[in-house]
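Notes to accompany the following structure.
Nothing in this text is a laboratory measurement; each read-out follows from the coordinates by a stated rule. Because the structure is predicted, anything quoted here is derived from the model rather than measured. Cβ coordinates were reconstructed from backbone atoms using ideal geometry, including for glycine residues, and neighbour counts include every protein chain displayed.
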Amino acid sequence: MLVNHNIIVEIKAIIAQSRENAIRSVDHQRTLMYWHIGKRIFEEEQEGKERADYGKYLTQFIAKELEPEYGSGFSVRQIELFRQFYRTFPITNTLYSQLSWSQYKLLVRLDNQDKIDFYIAETVKNNWTVRQLERQIYSSLYERLLLSNDKERVLAVAKNEKQPSDAKEIIKDPMYLEFLGLKREASYYERDLESAIITHLQEFLLELGNGFSFVARQKRIHIEGDEFFVDLVFYNRILQCFVIIEIKTTKLTHQDIGQLQMYVNYYDRIEKLPHENPTIGILLCANKNDGVVKFTLPENQQQIIASQYELYLPTEQQLLEEVNKELESFEDKESDKSRNMRKI
């Protein structure tokens, strides 16, 4: 008797999905348990608020009573984390069943609510793992997007309240490629960086942002008998356009920009379908000069973006300095606009 062997594959898929659902359910119940413990601790702490150091004494007392029976998951540090968890999410229906307790532990350590809301929205939307969320937090994704966007726009895109209309809303500058394992002091060529990106394509797609899919590497194009090779080609389903990436391990030049512009023009005129949006070109370079980019390209153009790559994650202080510098630049531009309007 012939049996359809697909039935085994389908049953295994059902078993795997059920197990995953069970694990998620258990983890969500654990998360709710920690929230309720944190709420009870907070309420008790408020009752004794007149007493100096009562909160610290309370967490130590609870840990001393619970840890011998329930293990290290109820240490002083964990008890304090439960309290902080409730204080960060004081309304229980703001908890997402899609997020694990390990992800919430990362979120409660963040320093402001806008940042927390952003990472929750991105985690739910992209189904990030704990490791992926951790990497995005440590690479300061939120702050990097703020460098070229305002806070409201960043949060709206993350929450799907608006679709990106400009590539700069999802493309980051700088890009952090620490996962490639390349050393800053080592000499390497563009093909080495390109090969490392292909080897770590999943991580690179995560760094690129939402909606990217890989199309081609060293895409060969012919222009009236001459042959050219485009380093990397992607497609972004949100922006509905091709995204071409040219890699430069040396300082950016105007010739590099001209070369990328030619590739973008080619894709717009030959590859792009009528319903698709204009092609985006990204110059991924080791050292960029914003002035060269500005004066090589027409004013207000939105198709060519220069993004500097870094092989190490930044410190919090480095990102803070970069954000502050960008804010000062923005304020100076607004001040200049205001003075010009007064003259008129």
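Compute, for the chain, the length of the dipole vector about the Cα centre, with Cβ point charges of +1 (Lys, Arg) and -1 (Asp, Glu) only. Units Debye, rounded to 20.
Taking the Cα centre of the chain as origin, the dipole is about 520 debye.
Report the one residue of CYS285, HIS200, ILE223 whose Cα lies farthest in the direction of the positive end of the charge dipole of the range 181-290 (charges on C-beta: Lys and Arg +1, Asp and Glu -1; origin at the Cα centre). Of CYS285, HIS200, ILE223, it is HIS200. Among the trypsin sites (Lys or Arg not before Pro) within the range 34-85, those in coil by DSSP and having at most 10 neighbouring Cβ atoms inside 10 Å are LYS49. The relative contact order of the range 168-313 comes to 27 percent, based on Cα pairs under 8 Å that sit 6 or more residues apart. As a ratio to 2.2 N^0.38 Å, the alpha-carbon radius of gyration for the chain is 1.25. Neighbour counts of other Cβ atoms within 10 Å put VAL26, VAL124 in the fewest-to-most order VAL26, VAL124.
Where both partners of a DSSP beta bridge lie in the chain, what percent of those bridges are antiparallel, to the nearest 5? If we restrict to bridges inside the chain, about 50 percent are antiparallel. The relative contact order of the range 6-98, computed from alpha carbon pairs under 8 Å that lie at least 6 residues apart in sequence, is 36 percent. Within the chain, the longest segment free of exposed loop sites, counting GluC sites (Glu not before Pro) that fall outside DSSP classes H, G, I, E and B and have at most 12 other Cβ atoms within 10 Å, spans 51-160.
Taking all Cα pairs closer than 8 Å and separated by 6 or more residues, the relative contact order of the chain comes to 13 percent. Among the DSSP helices (H) of the chain, those spanning at least 20 angstrom by Cα along their long axis with an average Kyte-Doolittle hydropathy of -1.0 or more are 6-47, 54-70; this is a geometric and hydropathy rule only. Distances between placed amide hydrogens fall under 5 Å for VAL215 paired with VAL233, PHE234, TYR235, all partners being 5 or more residues away or on another chain.
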